[in-house]
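Encoded as structure tokens, the structure appears first; notes follow it.
The values are calculated or read from the model by the stated rules, or taken from the named source; none is laboratory data. Keep in mind that what you see is a predicted model, and the values were worked out from it rather than measured. Here Cβ is always computed from backbone atoms with ideal geometry, including for glycine, and neighbour counts include all displayed protein chains.
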Amino acid sequence: MIKKKNISNLLILFLASHLTIWTLVPALSNLNLPLDTIEALAWGSNLAWGFEKHPPFSAFVVEFFYQIFGSQDWAYYLLSQLFVVASFFIVWKFSEDFFKEKIYSLFSVLLLEGIYFYNATTPEFNVNVCQLPFWAATVYFCWKSINTNKFKDWALFGFFAGLGFLSKYLFIYLLIALAAFIIKKMIKERKVNPRTWIPLSIFFLVISPHLLWLTENNFSTIFYALGRTELVNANFLKHLINPVLFFGKQMVILIPTLLMLCLIISKIKVKINIKDKKFQYLIFVTLIPLLLLILTSILTGATIRTMWVTPFYLFIGVFLLYLFKEKIILKITKKFLFSFLFLFFLSPALYLYISVSQKTKRTDYPGSEIAYLVQSKWDKNFSNEISFIVGEEWFGGNLSYHLNSRPRWFNKLGKNVKTIDIQGGVIYTGTNIKVLKEICPGVFGVIQPAGYCMIGVK
């Protein structure tokens, strides 16, 4: 049995251990940063209020870290874990309003270790990880706003909702669920709360630069997002198969967490009080976004990629413990804690084994070595520094990250050609080596599987 006075210390120990382990393991075992992190760094080298694939916030964050730490890989693994443990802490704070016993709040966080979205996939800082603290904070401050009706809470609700949307558009599913809950409450009370306009106003204020960018760039990010769902190729069967496959995958993902839960409950039997306001809110923040996503797939035939639901399960621990709170036996927590520790250490051990034993992963790419070779060839032929990289995000992004001059990255020049200083050196890179060599007006080189065309001042 865990003593009450030790619970807060155990939470701190867990958060510190999670952050340390998941920063060190990938930092020591990976040769190169993962794809999505390099992609965000490529965008960060040439900041804008939006990019073809995603809204801008993940790029803002990694560029902020780059300005402090430069091309030190461990810093970006640390960044990712800061986002994860921040979301865990917010879940803890939120759960305190739902449980009298603090140990339930602790368990609601520990249960998340059973979901691989919150351990094995977190070393790769991307838009999914970027959403986590904003998803948690939006849920937390929405709940506080409803109960306190304070201006500060409504304002923070809108602010974090805006940052979440600037991380990834899928955040809208949470916002729809929260809006539905607020509207339901006002209908029940037959009273419109004028303060609900506060988060709405702040939300649109936060995202307004991105909305302006979208209009100026033909809504390219939205069309890319729609393309990822494979709507164009959807046929009748996909309206059935895709949602069923998605649902099945979610059940598999939740198995470790559900097994952990079974170790502290006496019976898998619940009495649901549908009038319980807290239970209603947990349904709206845990189940409704998922159901809306499944409904989207049913109606459109869209493919739902598993990693898209990374933030959707942040409050699953709170939901399950609240659902079974009458059946939880705190005297039998030893097995639960053993299962938690088993998963807690198994996940990084497997990650380390895969990272060391498999040598064909993106994280085995010799990005730093290639950047050194490119820089050496450049210095032998040109007097100016490398200012621009044009080409695929992986090859170009790695160069931009590893080169000391931190050149701005462009996928293609197009209308951006007007922004380029003719005195700045340019490198074009791509895997279509034959074509690139034929059209290259400067010095050409190959480091498989990509070619590099260098144009500078002699």
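If I filter the stretch 226-241 for residues that are small (Gly, Ala, Ser), assigned to a helix (DSSP H, G or I), modelled with pLDDT under 90 and surrounded by 12 or more Cβ atoms within 10 Å (Cβ to Cβ), do I get at least one hit? Checked the stretch 226-241: no residue is small (Gly, Ala, Ser), assigned to a helix (DSSP H, G or I), modelled with pLDDT under 90 and surrounded by 12 or more Cβ atoms within 10 Å (Cβ to Cβ). When the stretch 287-306 is filtered for residues that are surrounded by fewer than 16 Cβ atoms within 10 Å (Cβ to Cβ) and in a loop (DSSP other than H, G, I, E, B), the ones remaining, listed by number, are Leu287, Arg305.
Residues to consider are Phe69, Phe51, Phe107; find the one that is of a type in the set (Phe, Trp, Tyr) and modelled with pLDDT under 95.
It is Phe51.
Within this structure, Glu101 passes the test of being out of contact with any strand residue (DSSP E or B) (no Cβ under 7 Å at 6 or more places or on another chain), surrounded by fewer than 22 Cβ atoms within 10 Å (Cβ to Cβ), over 24 Å from Leu24 (Cβ atoms) and in contact (Cβ under 8 Å) with a residue 24 or more places away in the chain. Candidates are the residues of the stretch 60-97 that are under 20 Å from Pro348 (Cα atoms) and among the aliphatic types (A, V, I, L, M); the one that is surrounded by the most Cβ atoms within 10 Å (Cβ to Cβ) is Val84. Number of residues in the stretch 67-124 that are part of a helix (DSSP H, G or I) and not aromatic (Phe, Trp, Tyr) equals 28.
Report whether or not Val129 is of a type in the set (Val, Ile, Thr) and farther than 30 Å from Tyr353 by Cβ. Judged against the criteria, Val129 is not a match. Among the residues of the stretch 385-395, is there at least one that is in the same structural domain as Phe444 (by TED's automatic domain parsing) and at positive phi? Checking the stretch 385-395: at least one residue is in the same structural domain as Phe444 (by TED's automatic domain parsing) and at positive phi. With respect to being exposed (fewer than 13 other Cβ atoms within 10 Å of the Cβ) and not assigned by TED's automatic domain parsing to the domain that holds Leu24, Ser376 fits the description. Residues that are surrounded by 15 or more Cβ atoms within 10 Å (Cβ to Cβ) and either farther than 17 Å from Ile183 by Cα or touching a strand residue (DSSP E or B) at 6+ places or on another chain (Cβ under 6 Å) (or both) within the stretch 272-286 comprise just one, Thr286. Of all residues in the stretch 154-172, those that are of a type outside the set (Val, Ile, Thr) and surrounded by fewer than 21 Cβ atoms within 10 Å (Cβ to Cβ) total 3. Pairs meeting the criteria (first residue in the stretch 130-146 and charged (D, E, K, R), second residue part of a helix (DSSP H, G or I), beta carbons under 6 Å, at least 6 apart or on different chains) are Lys144/Asp153. Scanning the stretch 327-359 for residues being in contact with a strand residue (DSSP E or B) (Cβ under 8 Å, 6 or more places away or on another chain) and assigned to a helix (DSSP H, G or I) gives a total of 1. Of all residues in the stretch 395-412, those being without any contact (Cβ under 8 Å) to a residue 60 or more places away in the chain, assigned to a helix (DSSP H, G or I) and not aromatic (Phe, Trp, Tyr) number 1.
The stretch 419-458 holds strands (runs of 3 or more DSSP E) entirely within its bounds, and those carrying 1 or more residues that are under 12 Å from Gly391 (Cα atoms) map to 425-430, 450-455.
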